[in-house]
C-alpha cells in the first residue's frame, strides 16, 4: 500500500473517489426539489438527473418561519420508492446525527444545507466519516475549499434559496470563478497569503492551482426560476443546476421543468432558448433581494 | 461526415471526462447535441450519466432515430454505464416499482444485450476496484491481441529483434469505478465478453442477507463495432479501452 498522509489518506480511506464520480455523472443535469412522490414522478418524467426530497421547498420554509429540520424519513422513502434516479436529502449544518439517519436511509447524496436552520454555529460535519457523499453550499472559494477539506464530494454556490432572484447565485458563482482564476495564475509563494486570507489550507490551494478548477464538480443553486436563469449559470461556469422553488411554485411545473432540463443542455444556443422560454405559464412570484432583510438571508448561514 | 471526427454525446453526464481521455489518446472530439453534430461524426461515445435524462433529451432533439440508424449502418460506438443501457436490447429494473411508475426504459436495441438498471443498489453500493488483465480471458481475439500488444514493449527494438530477452510488461491493472452501475444479465451469441469482474452482483445488502456466492459478472462486452462497459474508464487515468475503441 502507498504511504498516504493527511487529506490524501482521508480521501483514500473513504468513498471519496466514487462519491466524486457520482457528482461527475450528474453534470449537465438538473437537480429538482420535490416534496411529494407525485412531484418526484413529474421531475423524472421531465428529465431531472436527480431529485432533492424535502418536506417544504425553500420558498415555503421562508414563508413559514420557525426551525427547519431534516424531512420525515417516511416522506424521503416514499419519494425514493417512486423514482429511479438518484435521491438527495438535506440535513442541518453540523447535524451529523441527521446525516447518519439519511445515510441509514441510503439516500444517494446529502446536502448539508443552509436552507435548514443550522444545528451548530461552530462546526460543519466531518464528511470524511461517512460513506454517503455530501454536497455543500459556498459563496466563495474559501468556503468551497473548507467544505472540500471536510470531505464534500460536490460544491454548489449558495445563491439565495426560495427567492426566485438569481442575483446572489450570479454573485457567488462569479466570485468563486474569479478566485479560482486568481489561484491558477498565482505564483506559488502567493498561495500562503491566500490561504491565510481565505482561511483554507495551502494544500487545497495547491490542488486548485494544479487542476485550474475545484477538485470536485461545481453546481449552482439558489434563485434559479427560468430556463434563461439556468443557461446563465451554466455560462458562468456551473456544471449543473439545482432548482428548488422555481419549478413547483410556478404555474406549469411539468413544462417548466422540461424546459429547464433542455436549457442546461443547450445553454450556448440562444435560438433554442427562445423556444424553451415560450409559453411556460406563470413563473414563481419571488422576492427581490433588496426586499430581503439581512437576517432573512439563508446564504449567511455556514462559514 | 468529417474524416476521423469523433463525437461524444453531450446531452447530460460525464461527457467532458470522455473528451479529456480521448484528447490524451491523441483524438480530438466534438460534442454532439443535434442531428447535424451527429452527421459529422465517424464514431461516437455515449457517456455515463442518467439514462432516463439522456433518453428524454435525445427524443426532444430528434436524435433518437438518426442515432439508431447510424449505429445499425456500422458507426463504431462506445457506451459506458448509462451509455451501455441506452445501446442495449432490453432494460430491466432492479426495483420493479420503477417499471410500475414509468414503464420499461426505452433503448436503442443495437446490441443483443439485456441489462439491469441500478442492479447494485444505491450510491452506497457503488464501488471502485481493479481488474487484473492477466487473469482475464477475453472472448474476442482482437481485444486479446490489443491488450497483449499494449505492454510498453517494442518488439522491433534494434538490440533485441525477437524481443525474447525483454520482460513482458502487461498493463496489468485496469481501474474499475462502478457508480450505481447496470449489470449485463443476458446476451446473444454474437456478443463477446471482453472483461469480467468477480462479484456477487446485485444489491449488496440483499446478497449479505441471502448469503449469495460470488460469480463472474461481464463488465465489458462487444458486438461488432459496438463496445459497452458498465463502469467508468473515463474517470481513471487508464486509456486502454478508449484506445481499443479507436482501433475498431
Q.
Condition check: at pLDDT 70 or above and more than 24 Å from residue B:116 (Cβ to Cβ). Does residue B:179 satisfy that?
A. no
Q) For the range A:266-301, how many residues are farther than 19 Å from residue A:166 by Cβ and under 20 Å from the mean Cα position of the chain (by Cα)? A) 1
Q) (1) modelled with pLDDT of 95 or more; (2) surrounded by fewer than 24 Cβ atoms within 10 Å (Cβ to Cβ): which one isn't true of residue A:50, the others all being true? A) (2)
(Q) Can you tell me which condition residue B:124 does not meet? The list is (1) facing another protein chain (nearest Cβ under 9 Å); (2) more than 24 Å from residue B:199 (Cα to Cα), and all the others hold. (A) (2)
Q: Looking only at the range A:149-165, count how many residues are over 13 Å from the mean Cα position of the chain (by Cα), at pLDDT 95 or above and crowded, with 18+ Cβ neighbours inside 10 Å.
A: 2
**Q.** Candidate set from the range B:216-229 (those that are within 27 Å of residue A:86 (Cα to Cα) and out of contact with any helix residue (DSSP H, G or I) (no Cβ under 9 Å at 6 or more places or on another chain)); member that is nearest to the other protein chains (Cβ to nearest Cβ)
**A.** B:219
Q) Can you tell me which residues in the range A:244-269 are under 21 Å from residue A:29 (Cα atoms) and more than 14 Å from chain B (Cβ to nearest Cβ)? A) A:244, A:245, A:246, A:247, A:248, A:249, A:250, A:252, A:253, A:256
Q. Within the range A:1-46, which residues are in a helix (DSSP H, G or I), more than 10 Å from chain B (Cβ to nearest Cβ) and over 15 Å from residue A:254 (Cβ atoms)?
A. A:6, A:7, A:8, A:9, A:10, A:11, A:12, A:13
(Q) Under 6 Å between Cβ atoms, which residue pairs at least 6 apart in sequence (or on different chains) link something in the range B:1-16 that is farther than 11 Å from residue B:83 by Cα and away from chain A (no Cβ under 14 Å) with a partner that is at pLDDT below 95 and assigned to a loop (DSSP other than H, G, I, E, B)? (A) B:6/B:27
Q: Report yes if residue A:244 is touching a residue at least 60 places away in the same chain (Cβ under 8 Å) and surrounded by fewer than 21 Cβ atoms within 10 Å (Cβ to Cβ), otherwise no.
A: no
Q. All but one of (1) away from chain A (no Cβ under 14 Å); (2) within 17 Å of the chain's Cα centre (by Cα); (3) over 27 Å from residue A:80 (Cα atoms); (4) surrounded by fewer than 18 Cβ atoms within 10 Å (Cβ to Cβ) hold for residue B:20; which doesn't?
A. (1)
**Q.** Answer from B:58, B:87 - the residue that is within 22 Å of residue A:30 (Cα to Cα) and in contact (Cβ under 8 Å) with a residue 24 or more places away in the chain
**A.** B:58
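Quick grid of which residues meet (1) farther than 16 Å from residue A:32 by Cα; (2) at pLDDT 95 or above; (3) within 13 Å of chain B (Cβ to nearest Cβ); (4) not in a loop (DSSP other than H, G, I, E, B):
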residue	(1), (2), (3), (4)
A:195	yes, yes, no, yes
A:205	yes, yes, no, yes
A:214	yes, yes, no, no
A:231	no, yes, no, yes
A:281	yes, no, no, no
Q) Taking only pairs six or more apart or across chains, which ones have beta-carbon atoms under 7 Å, a first residue in the range B:64-83 that is free of Cβ contacts under 8 Å to residues at least 40 places away in the same chain, and a second residue that is surrounded by 18 or more Cβ atoms within 10 Å (Cβ to Cβ)? A) B:66/B:38; B:70/B:38; B:72/B:110
Q: Go through B:59, B:54 for me and flag whichever is surrounded by fewer than 22 Cβ atoms within 10 Å (Cβ to Cβ), under 29 Å from residue A:272 (Cα atoms), within 14 Å of chain A (Cβ to nearest Cβ) and modelled with pLDDT of 95 or more.
A: B:59
Q) In the range A:84-122, which residues are within 14 Å of chain B (Cβ to nearest Cβ), over 17 Å from residue B:125 (Cβ atoms) and surrounded by 24 or more Cβ atoms within 10 Å (Cβ to Cβ)? A) A:89, A:99, A:111
Q. Looking at (1) within 30 Å of residue B:55 (Cα to Cα); (2) surrounded by fewer than 20 Cβ atoms within 10 Å (Cβ to Cβ), can you tell me which one residue A:66 breaks?
A. (1)
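The values are calculated or read from the model by the stated rules, or taken from the named source; none is laboratory data. Because the structure is a prediction, the values reported are computed rather than measured. Backbone-built Cβ (ideal geometry, glycine too); neighbour counts: all protein chains shown.
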